[in-house]
Protein chains: 2
Amino acid sequence: MSAVEDLSRRRGGREARRALRSRPIPMAEAAVRPGMLGGQYKPLTDADMQRIHKTALKLLETVGLAQAIPSCVEAMTARGCWMNAQGRLCIPASLVEDTLASCARNFVLHARDPKHDMEPSGNRVYFGTAGAAVHIVEPETKTYRESLLVDLYDAGRIVDNCEHIHFYQRPVTARDMITGHDLDINTMYACLAGTEKHVGTSMVDPAHVDECLQILHVLAGGEDKWRERPFVSQSNCFVVPPMKFAEDACRCLEAAARGGMPVLLLSAAQAGATSPAALAGTVVQAVAECLAGLVYINCVVPGAIAIWGPWPFVSDLRTGAMSGGSGEQALITSGCAQMGHFYNLTVGSAAGMCDSKLPDMQAGYEKGVTAGISAMTGINMLYESAGMHASLLGFCLESLLIDNDMLGSINRNVRGIEVNEDTLSLEVIANVCIEGPGHYLGNEQTLALMQKDYVYPQISNRMSPKEWNEAGKPDIVERAAARKREILSTYYPEYIPRHIDEMIRAKHDIKLPRSVMEPGDPRWA
Amino acid sequence: MSAVEDLSRRRGGREARRALRSRPIPMAEAAVRPGMLGGQYKPLTDADMQRIHKTALKLLETVGLAQAIPSCVEAMTARGCWMNAQGRLCIPASLVEDTLASCARNFVLHARDPKHDMEPSGNRVYFGTAGAAVHIVEPETKTYRESLLVDLYDAGRIVDNCEHIHFYQRPVTARDMITGHDLDINTMYACLAGTEKHVGTSMVDPAHVDECLQILHVLAGGEDKWRERPFVSQSNCFVVPPMKFAEDACRCLEAAARGGMPVLLLSAAQAGATSPAALAGTVVQAVAECLAGLVYINCVVPGAIAIWGPWPFVSDLRTGAMSGGSGEQALITSGCAQMGHFYNLTVGSAAGMCDSKLPDMQAGYEKGVTAGISAMTGINMLYESAGMHASLLGFCLESLLIDNDMLGSINRNVRGIEVNEDTLSLEVIANVCIEGPGHYLGNEQTLALMQKDYVYPQISNRMSPKEWNEAGKPDIVERAAARKREILSTYYPEYIPRHIDEMIRAKHDIKLPRSVMEPGDPRWA
């Protein structure tokens, strides 16, 4: 008799199920894991993708990109690019094809803790945060306040506790940092203090990249160790759509590539404003721009680790404002994801945003629709998939926790339906119908699959109306807020041990108070 | 110069865009319409579908269905079925194949107003309500109250005002109806009083089916007119899973088929309780049961109009309670939809439900994830896609309006990305980059596509945080409640004119007060 059967017979069915559910199971047997295989949703046909590819190549050859910096011009013209009469850097199709044939693929994105390493290639899907929101949403008071450095540390600690958020890219701008230098150094530091999952961040000056690298060498235990397992990537908006290089970002890109820091080659147009209103045209432009970025970085450092980030947004064309929660957003994100598969590149894009200002029903459906559909493409890195509001202007820690439940549910869909002799269940059905009790409640298969096939939410509520009423009508946002406070007041991982912290603070202007990084944090005293 | 250009040059860009947006455009040019073509999401492989099909056939032959009523046994054994030693009706694969070769396909589901007719075949997708909730959710007071007959009329009027809800199946049980007779007659009547979209309803006794048909003949202007354009379908749970006929429902099924009423052949198991916990097994059983129903109805009335409804739900295996908002729900609904395409049948199933008790963020993401993903399969009829809460125990009129926005956004995804010379936008991009203003805001393409390619929500809010703050932080549920009151207190379509109503009331016990069907409705006085 199996342990499951045994347990089931000795106890009542319901109690047995609860007991089984509460037993920890190995991650390898969990219903969902990071990097499940998606790809069953294909909004573009093969012919569509070919046309998008050819149009993008033509754009790169005939329109090119404006404002290339000298080092970019030098590196790229050495490989066959040319400046046209309008001073735009044009890229021949042959160089794009050569780059696609030789660029880095199938790389690991490391985390400080190897258990969080990601392999974002093929149809493997990972969910994470991102953004540069300037506000923290406080849903209990329905207010927006300025986002601060400490919020990055707090959000990191929450992400560290969210099973279905697999990486942590900086979601807010720390508005209490006065200089670009303080912002860049401290953003990275605060993120790393909060989580050992892979961290993404951004930098505005190549000197800051170099300083960040110095810190990373210390944290890694030396430059060689850092280069072996780089656990921070640089989110880089190297292009100002349409088709124009961003000069400072390009300098940071080169510094990152030289320093062994993976980059996210991010093109963030807005359809109808900085890319065509036609959705296919927006995908074309994003593809062209990100191919340009890929060529560029490979001209500077051949084989540099780069996440391909065609990452267009949607405009509400009545006002010109961004609408990250629109249905159109899921479409262009999905189209870009598919183009990433077309090139067999590691592709990241954005979904799970919303236009709603608060964690309400609008926020929920906007996130659910856009993240749910986009994830089915098998996109490798789904950025902005947790916590964002107001089309990226607001970030909410409560939503981060609710979105974690949503992403678990989406990840179950990424995993899909396994069809095999066991799951087809012919014998199980026959037994239940002919000899059995006429239901599957205490069935061995049911007990065995309870945790291996089903995902359970942490914050969301599945009570019946009666139970819910008797429990005092628990509110989803209040529950999330309580969980947030619980994590922030008790969870102090020592990801930057005191002696390392002191070494770093001695050389760099670290603004995150050490006191908030340890129990006794005065904010919760 | 086009009218668009002309308008654009004469007015300021933003004003022009607003003006353009507010001009009505023909439905044929709208960004989304009923019956968009989906099907780009395929969770099952061809091999998976073959195995599911073969396993279902084997189940029908070897396990069969219990509790067949005499007329069913007679009709089906006459076509080669047999009763096995356990008294179960077994169906040979050959009869299933013959039925699949000859059953009704590519039929229209009519509406009283032909503009709402549906053609639910191929990959065309339609969204609608359904259910038998016993509560109305009142979100402003966070309470659940008993659902009443008048709620069916009210919900119908709201559906009539929801662009993206294409049919109206009765979502609640009218608990003020004492007898099954009163329930069946009045449920249908109240639904028809509220909307001219296609109505689905349910009946518990074949005598009620006959009486409903009498009423329908009057409304249609004669039995021949009714049979030409039947605008009410019968949602029929002919099977009690696993693999057991529901006797009363079977009698109603036969009466409907004889009366020319389309039926929804609905198998509503719950994975882990009344179907296997293994998701593939749940799909197998639902497929087998619905194939049995299809054979049955075609034995009784060859060519009867039937929507194929493998409609399994999910259990939370910790408690055995239903979890309509789970990620697993989207998977099994999607798998069933794909099996419908495998057989080239008109397929309907359920998604867009939620476990949340209120229209909150949990409700939003549960609905968005499940309806969004399932719709991408190209499912023909997506039932339960609006208004439902608490895993079908509660129905909310405010959610109906919010879900309408969600379904518009999902429908935009069903439509997909058109890739052609125009949408690829090579020239548009080149012009904007080289000669143009460097953005697409006033571009002719942008103005032309504003309404044709983009969907705008009615209740959801796309303001910036600043605008939202200045507007007094509008709340999504309050906005929906206000819109609900506006519709219910002003919208009195005369779908059952007074003289017809009087004729019907003279013969049938119609409980919906005539007073609520006309302006002056005492509820809003």
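The values are calculated or read from the model by the stated rules, or taken from the named source; none is laboratory data. Given the structure is predicted, the values throughout are model-derived calculations rather than measurements. All Cβ positions, glycine included, derive from the backbone under ideal geometry; neighbour counts span all protein chains shown. The protein model used for the area step is the full one, side chains on, heavy atoms only, and it has no ligands, DNA or RNA in it. Shrake-Rupley method; radii C 1.70, N 1.55, O 1.52, S 1.80 Å.
Some values worked out for this structure:
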read-out	value
Vicinal HN-Hα couplings computed from phi for the range B:310-326 (Karplus, 6.51 cos²θ - 1.76 cosθ + 1.60; Hz; Gly/Pro x)	x, 9, x, 10, 10, 9, 7, 6, 6, 10, x, 6, 5, 10, x, x, 6
Cβ-placed point charges (K, R +1; D, E -1), dipole of the range A:453-525 about Cα centre in debye, nearest 20	200
Calculated on alpha-carbon atoms, Rg and Dmax of the protein assembly as shown in Å	29.4, 92
Whole-percent pair-distance distribution, where bins are 10 Å wide, for the alpha carbons of the range A:143-213	22, 51, 25, 3
Loss of accessible area when A meets B, both sides summed, Å² nearest 100, probe 1.4 Å	10000
Relative contact order (percent, whole number), chain A, Cα cutoff 8 Å, 6+ residue spacing	19
Furthest towards positive pole of dipole, A:472, A:451, A:487, structure part the range A:438-487, Cβ charges	A:487
DSSP bridge orientation in chain B - percent antiparallel, rounded to nearest 5	35
Simple label model, 7 Å out from Cα along Cβ direction - residue A:473 to residue B:422, nm	5.1
CD proxy at 222 nm, helix term only [per DSSP H run n ≥ 4: -39500 (n - 2.57); per residue of chain A; nearest 500]	-13500 deg cm²/dmol
Extension gain, residue B:464 back to residue B:108 (0.36 nm per residue minus Cα-Cα distance, nm)	123.8 nm
Normalised convex hull volume, the range A:104-260, alpha-carbon set, Å³ per residue	138
Beta bridges by DSSP in the range B:158-283, antiparallel share as percent, to the nearest 5	10
Rh (Kirkwood; distinct C-alpha pairs) - the range B:278-340, Å	12.7
Cα-based Kirkwood hydrodynamic radius, the range B:178-289, one decimal, Å	15.0
Kirkwood-Stokes translational diffusion coefficient of the range B:421-525, alpha-carbon pairs, 20 °C, 1.002 mPa s, µm²/s	111
Where Rh is the Kirkwood radius over Cα pairs, Rg/Rh for the range A:240-315	1.01
Acute angle (nearest 10 degrees) that the helix B:93-102 long axis makes with the longest principal axis of chain B, alpha-carbon atoms	50
Label-to-label distance, nm, for residues given as residue B:503 and residue B:225 (7 Å Cα→Cβ offset)	0.7
Candidates per chymotrypsin sites (Phe, Trp or Tyr not before Pro) in the range A:460-502, loop by DSSP, up to 11 other Cβ within 10 Å	none
Dimensionless Rg over Rh [the range B:83-175; C-alpha; Kirkwood]	1.16
Amide H within-cut-off set for residue A:313, under 5 Å, with H built and near neighbours excluded	A:269, A:270, A:271
Debye, to nearest 20: dipole size of the range A:149-210, +1 on Lys, Arg Cβ, -1 on Asp, Glu Cβ	120
Per-residue ³J(HN,Hα) for the range A:134-144, Karplus 6.51 cos²θ - 1.76 cosθ + 1.60, θ = phi - 60°, Hz, x for Gly and Pro	9, 10, 9, 8, 10, x, 5, 10, 6, 10, 10
0 to 90° range, to nearest 10: angle between helix A:498-507 axis and chain A longest Cα axis	20
Point-to-point label distance, residue A:71-residue B:98, nm (Cα→Cβ direction, 7 Å offset)	7.9
Across B:225/B:507; A:452/B:244; A:244/B:452; A:142/B:197; A:197/B:142; A:357/B:42, pairs whose alpha-carbon gap is larger than 32 Å	A:142/B:197; A:197/B:142; A:357/B:42
DSSP-loop chymotrypsin sites (Phe, Trp or Tyr not before Pro) across the range A:171-249, with at most 12 other Cβ within 10 angstrom	none
Rounded to whole Hz, the Karplus (6.51, -1.76, 1.60) HN-Hα couplings of the range A:453-461, x for glycine and proline	10, 10, 9, 10, x, 9, 9, 5, 10
DSSP bridge pairs, the protein assembly as shown: antiparallel proportion in percent, nearest 5	35
Solvent-free Debye scattering, log10 I(q)/I(0), computed from the Cα coordinates of the range A:124-173 at q = 0.16, 0.18, 0.23 Å⁻¹	-0.49, -0.60, -0.88
List A:328, B:29, ordered by accessible area with a 1.4 Å probe, largest first	B:29, A:328
Teacher prompt: residue A:50 distances to equivalent labels in other copies, 7 Å Cα→Cβ, nm	2.7
When the convex hull of its Cα atoms is projected in every direction, mean area for the range A:384-466 (nm²)	8.2
Along each principal axis, Cα extent of the range B:298-453, largest first, Å	65, 44, 27
Label distances, nm, residue B:106 versus same residue in remaining copies, Cβ-directed 7 Å point	4.7
Within chain A: Cβ-based charge dipole about Cα centre, in debye rounded to nearest 20 (Lys, Arg +1; Asp, Glu -1)	360
For residues of A:327-339, the mean tally of beta carbons on other chains within 10 Å	4
Viscosity 1.567 mPa s, temperature 4 °C, Stokes-Einstein D of the range B:22-143 from Kirkwood C-alpha radius, µm²/s	67
Overall dimensions of chain B by Cα: Rg and Dmax, Å	24.2, 83
With DNA, RNA and ligands ignored, accessible area of residue A:251 (1.4 Å probe; Å², nearest 10)	90
Difference of contour (0.36 nm per residue) and Cα-Cα distance, residue B:145 to residue B:210	20.2 nm
Overall form of the range A:427-476 per C-alpha gyration tensor (a/c, 1.5; a/b vs b/c)	oblate
